[in-house]
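A short worksheet on the structure shown next.
The values are calculated or read from the model by the stated rules, or taken from the named source; none is laboratory data. Only a predicted model underlies this, so the values are computations on that prediction, with no experimental measurement involved. Here the Cβ positions follow ideal geometry from the backbone for every residue, glycine too, while neighbour counts run over all protein chains shown. Accessible surface is based on the protein model in full, side chains and every heavy atom, while ligands, DNA and RNA are left aside. Shrake-Rupley method; radii C 1.70, N 1.55, O 1.52, S 1.80 Å.
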Amino acid sequence: MTLLANARILTIDPQMREIENGWMRIEDGLIAELGEGAAPERGAIDMDGDLLMPGMVNTHCHMAMTLFRGLGEDVDDRLYRYILPLERECVTAPVVAAGSRLAALEMIRGGVTTVADMYYFEAEVGRAVAEAGMRGIVGQTLGDFDAPDHDTFDEAFALTEALVEEFDGHRLVTASIAPHAPYSTDIPVMERVAAWAQDHPQNPVQMHLAESDAEMAWCAEHHDARPVEVVARAGLLRPGLIAAHCLHINEAEAEQLAANGVGVAHNARSNGKAGRGIAPVEMMRAAGVRVGLATDGAMSGNTLDLFAQLAPASMFQKILGHSRSVLPAAQLIRMATVEGAKVLGMDGRIGSLEPGKAADLIRIKLDDPRVQPIYDIYSTLVFALMASDVSATMVDGRWLMREREIETMDPARVIADAVQVAGEFNQRIEALDRSMQ
Ligand SMILES: [Zn+2]
């Protein structure tokens, strides 16, 4: 049993109940009870008036791509010039393990407690998530390009089956299948994924959807349709689908996503940095689509910090709507927590601080001058707080970090391993640059 007291608690429950000064009792990894005032029994840990809120939910990530952070910056063709050759030649199981550990370390320090990941050698990602003590959905990617861990779709399905078997019944990690995108799988493969998903209702499907102009052009050329229609024709527009990006969505498509129970992962920084456009988040939410926040991989958005997503996500919608009042701060915090949990189909277990839910929570210090005074705590969270203000992170009732000290990993070792891989990448990059001259 863990008892926390003298805390300012944001529950993010349906009533958005706030407890100015309260306590919480945690048993067997679950929130047993919480209330106002002094703790009802002895032995409480004093939270010093700090903020407690649900851990953040990162609904779309490629954890191992932390190793590509800042690589080939501002180069338009960097995907084909650097990333794909590096993935083909240098991405191995140990490399994915090293990148995933770095990502877990970064996320725990930033207050992210749950992540949905899709990449290659995904069993390594699942193991890194489990060892770090985080909660995660780990998706084996399928694509028709030269993937580092499979040559054929049959092989990718076999890897997915092995992933499901390895994490069957795991308390923290759930296996998933991740068709890369409509243009890199096409309808027959997506149909096969839909059939697979039918047989595996506990395992979500993750996919990039309606992300780029190139994808729009591909769908028009090959199917005389828009991406959502292409996915619908394959039977993949179904509950359990986690669709990342969704920039090119009209109102009819938003209604279609909502009616089919599809969740959307919104990656504001990644989309902005690639110059791709602004996802119509407010329009989708008004249509009833569940939308969560996400970082994407660090190659695209440079950070796995969900605090860093909040302000851009807010500003983009205010710009789209030409209004200060669009997407209020409290709604962004819901998207970063309970609505993200809904996107992942996990809102029965996580996303808010309520009795019966998992004790996935973060403690935040409010004593930095940049944070005070506080009129609206949600505004403070969105526009003033930083990942480094998170002092403690708990998942499933277990502290992963206290006083900014990580308890489940050796940070120096994790960082050294990642830097070593980057050194190997650099040698390959120099060779690639020489071959281009
Ligand atoms: Zn992505």
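List every residue pair whose Cβ atoms lie under 6 Å apart, where the two residues are 6 or more positions apart in sequence or sit on different chains, the first residue falls within the range 87-113 and is within 20 Å of T141 (Cα to Cα) and free of Cβ contacts under 8 Å to residues at least 60 places away in the same chain, and the second residue, located anywhere, is among the hydrophobic types (A, V, I, L, M, F, W, C) and not in a helix (DSSP H, G or I).
Partner pairs satisfying both residue conditions: A93/F121; V96/F121.
Name, by its number, the condition in (1) among the hydrophobic types (A, V, I, L, M, F, W, C); (2) under 30 Å from L71 (Cβ atoms); (3) touching a Leu at 6+ places or on another chain (Cβ under 6 Å) that does not hold for I333.
(2) is the only condition that I333 fails.
Kindly provide the set of residues from the range 378-421 that are closer than 30 Å to Y80 by Cα and open to solvent by 40 Å² or more (accessible area, probe 1.4 Å), ordered by number.
The answer is I415, A416, D417, V419, Q420.
For the range 5-18, give me each residue that is within 15 Å of K357 (Cβ to Cβ) and assigned to a strand (DSSP E or B).
I9, L10, listed by residue number.
Suppose we keep only residues that are out of contact with any strand residue (DSSP E or B) (no Cβ under 9 Å at 6 or more places or on another chain) and not basic (K, R) within the range 255-273. Which one would you say is nearest to the ligand (Cβ to nearest atom)?
Among those that are out of contact with any strand residue (DSSP E or B) (no Cβ under 9 Å at 6 or more places or on another chain) and not basic (K, R), it is G272.
Could you tell me which residue of the range 373-406 is farthest from R17 (Cα to Cα), considering only residues that are in a loop (DSSP other than H, G, I, E, B) and under 22 Å from the mean Cα position of the chain (by Cα)?
Per the criteria, the residue is R404.
Each row is one residue, and each column tells you yes or no for (1) touching a Phe, Trp or Tyr at 6+ places or on another chain (Cβ under 6 Å); (2) surrounded by 24 or more Cβ atoms within 10 Å (Cβ to Cβ).
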position	(1), (2)
A39	yes, no
D46	no, no
V57	no, yes
V75	no, no
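Could you please find all residues in the range 187-198 being open to solvent by less than 30 Å² (accessible area, probe 1.4 Å) and among the aliphatic types (A, V, I, L, M)?
I187, V189, M190, V193, A194, A197
In the range 223-253, which residue that is away from the ligand (no atom under 16 Å from the Cβ) and on the phi > 0 side of the Ramachandran plot is surrounded by the fewest Cβ atoms within 10 Å (Cβ to Cβ)?
So the residue we want is D224.
What about E339, is it away from the ligand (no atom under 16 Å from the Cβ) and surrounded by 21 or more Cβ atoms within 10 Å (Cβ to Cβ)?
yes
Against the definition (out of contact with any strand residue (DSSP E or B) (no Cβ under 9 Å at 6 or more places or on another chain) and either of a type in the set (A, V, I, L, M, F, W, C) or within 19 Å of L30 (Cα to Cα) (or both)), how does I415 come out, yes or no?
Yes: the conditions hold for I415.
Which pairs do you get when a residue that is within 16 Å of G297 (Cβ to Cβ), found in the range 236-248, comes within reach of a residue that is assigned to a loop (DSSP other than H, G, I, E, B) and within 16 Å of the ligand (Cβ to nearest atom), reach meaning Cβ atoms under 6 angstrom, with the pair 6+ apart or on two chains?
Pairs that qualify, where the first residue is within 16 Å of G297 (Cβ to Cβ) and the partner is assigned to a loop (DSSP other than H, G, I, E, B) and within 16 Å of the ligand (Cβ to nearest atom), are I242/P204; H245/E211.
Might you check whether a residue that is under 18 Å from A244 (Cα atoms) and in a helix (DSSP H, G or I) occurs anywhere in the range 272-279?
Yes: the range 272-279 contains one or more residues that are under 18 Å from A244 (Cα atoms) and in a helix (DSSP H, G or I).
Go through the range 342-372 residue by residue and tally those that are among the basic types (K, R) and either buried (at least 24 other Cβ atoms within 10 Å of the Cβ) or not in a helix (DSSP H, G or I) (or both).
4
Looking only at the range 254-307, which residues are surrounded by 24 or more Cβ atoms within 10 Å (Cβ to Cβ), β-branched (V, I, T), in contact with a Gly (Cβ under 9 Å, 6 or more places away or on another chain) and farther than 21 Å from F68 by Cβ?
Residues satisfying the conditions are V262, V264, V289, V291.
Assuming P201 fulfils every condition listed in (1) over 19 Å from V164 (Cβ atoms); (2) surrounded by fewer than 19 Cβ atoms within 10 Å (Cβ to Cβ) apart from one, which condition is it?
Unmet condition: (1).
Here's the yes/no breakdown for (1) more than 16 Å from the ligand (Cβ to nearest atom); (2) more than 30 Å from D417 (Cβ to Cβ):
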position	(1), (2)
L3	yes, yes
T11	yes, yes
I26	yes, yes
A38	yes, yes
M47	yes, yes
T59	no, no
H62	no, no
R81	yes, no
